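One structure is given here, and the rest of the page talks about it.
FYI, it's all coordinate maths here, none of it is from the lab. None of the values given here were measured: they were computed from a predicted structure. Here Cβ is always computed from backbone atoms with ideal geometry, including for glycine, and neighbour counts include all displayed protein chains.
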């Protein structure tokens, strides 16, 4: 457990806005039974849950038995790329994180959630913009200014939403079928992507945390459109907001067995003057699994959050 004095020391070193982002990340995932395993998992990207040393059938391997991540893309029945598997975002290196957010960005790290296990966009979805070029409208800037780390939804056992859930330390599992793709997050709620040809309704009677997603194939790229969000989730740990008008377009392209390029475009005219796009790479975690997520079990962090 991090002491109150250590938190004060950390806050003294962080630039405005970065304190909120780091505090939100530290308390986004509260203690759960896997805690002991996280220490061991520092040598691996993700936990193998209960099936230690289990070799997943169908994974191409090199002569020494290791997964061949450069092997060709697997294909689903019908010939489209099969995106199934356990994936984790390619982290932004520690040096780059310090360049963007300052030398003390990783001054407090939680085992298994180190600063170099996440994407820079988990901290700041607008990390690629210079401050004077930010597309935020004044209304969004005011919401961002008012937010506190204690407001961060996962701190209160609520979903983190899109895109945050896929940019942090916890992996996700994609399960692909002809009419439906399910994304199971180790640290969040499940997500459904309908690929059965349906269209969006004229209006969304019940806006949701993850929105409603429909997907279609364009060549070997899966294009996913999501709408129908509520306005409760944050786009990142810093607290960048969105409205119910948010629309997200994602493009998933599995370029080989072990790597998938993901492009996400966000359009929310109420909060941002123009659409903006981020690009990340997902790395396959072969012979792995996702673990269960229990937010309230043995939860002791929130009382220490200032």
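Between residue 196 and residue 245, what is the FRET efficiency for a Förster distance of 30 Å, r being their Cβ-Cβ separation, to the nearest 0.05? Calculated value: 0.75. Annotation for residue 205 and residue 62: the two label points, set 7 Å from Cα along the Cα-Cβ direction, are 5.5 nm apart.
A Förster radius of 45 Å, combined with the Cβ-Cβ distance separating residue 69 from residue 139, puts the computed FRET efficiency at roughly 0.55.
Across all directions, the average flat footprint of the convex hull enclosing the Cα atoms of segment 87-235 is 11.0 nm². Based on Cα contacts under 8 Å between residues 6+ apart, segment 192-258 shows a relative contact order of 28 percent.
Looking at the square roots a ≥ b ≥ c of the eigenvalues of the Cα gyration tensor of segment 259-302, which shape do they give, rounded for a/c under 1.5, prolate if a/b is larger than b/c, or oblate?
Details: a/c = 4.57, a/b = 1.36, b/c = 3.36.
Oblate.
Relative contact order for segment 258-306: what is it in percent, counting Cα pairs under 8 Å that are at least 6 residues apart?
33
Taking only the Cα atoms of segment 157-282, the radius of gyration and Dmax are 14.1, 40 Å. Projected label points at residue 96 and residue 52, each 7 Å from Cα along the beta carbon direction, are separated by 3.4 nanometres.
If R0 is taken as 35 Å, the Cβ-Cβ distance between residue 184 and residue 150 corresponds to a FRET efficiency of 0.80.
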